[in-house]
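In what follows, a single structure is set out as structure tokens and then discussed.
The values are calculated or read from the model by the stated rules, or taken from the named source; none is laboratory data. Nothing here was measured: the structure is a model prediction, and the numbers come from that model. In this analysis, Cβ positions are derived from the backbone assuming ideal geometry, glycine residues included, and neighbour counts consider all displayed protein chains. Surface areas here come from the heavy atoms of the whole protein model, side chains and all, with no ligands, DNA or RNA. Shrake-Rupley method; radii C 1.70, N 1.55, O 1.52, S 1.80 Å.
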Amino acid sequence: QVQLVESGGGLVQPGGSLRLSCVASGSIFRINAMGWYRQAPGKEREFVATISWSGGTPYYTDSVKGRFTISRDNAKNTVYLQMNSLKPEDTAVYYCNANVNYANDYWGKGTLVTVSS
């Protein structure tokens with residue numbers, strides 16, 4: 001089994017910053033990519049960002065480009081999401097996703113980000 005544990009969510013004012021972390025553990029012999037998705041109240045889960053474990057250009061949804069940065073620490077099996085210039089519309093539960101081993105997808109339980117004054 002593979003476990004993903006997110007951390008770093010919380011309440012922040014508009015314009016503020018947060019850094020999310022996600023650690024992957026368990027029966028992993030290869031991480032192909034990790035990423036972040038989010039689900040706002042009453043909406044479907046949507047893609048936010050993804051990064052390949054072997055290098056290459058990260059991908060972002062248009063609404064976060066220039067504000068969010070995804071990065072990884074291969075040695076720690078950890079992916080980060082630095083979120084700057086946060087807006088109320090960024091409020092959501094943020095989920096970590098990992099594609100590992102033979103292209104198996106796993107999800108974390110999510111961490112809540114609330115952007116409000």
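Using the heavy atoms of the protein chains and a 1.4 angstrom probe, tell me the accessible area per residue for the stretch 1-80 in square angstrom. If you can, show how the numbers build up before the last one.
Numbers: 4430 Å² over 80 residues.
Per-residue accessible area for the stretch 1-80 comes out at 55 Å².
Going by a ≥ b ≥ c, the root eigenvalues of the Cα gyration tensor, does the stretch 35-85 fall in the rounded group (a/c under 1.5), the prolate group (a/b larger than b/c) or the oblate group?
Prolate.
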Taking a crude spin-label model, label points 7 Å out from Cα along the C-beta direction, the residue 61 to residue 17 distance in nm is 2.3
Place a point 7 Å from the Cα of residue 1 in the direction of its beta carbon; the residues of the stretch 82-99 whose amide N falls under 17 Å from it are 98
GNM on the chain, Cα springs under 10 Å; top mean-square fluctuation among 76, 43, 87 goes to 43
The alpha-carbon center of the stretch 75-117 and that of the stretch 8-30 are separated, in whole Å, by 5
Stokes-Einstein D for the chain (37 °C, 0.692 mPa s, Kirkwood Rh from Cα pairs), in µm²/s, comes to 232
Filtered hits (aspartates and glutamates, Cα-Cα < 18 Å from residue 43, offset >= 8 within chain) -> 62, 89, 90
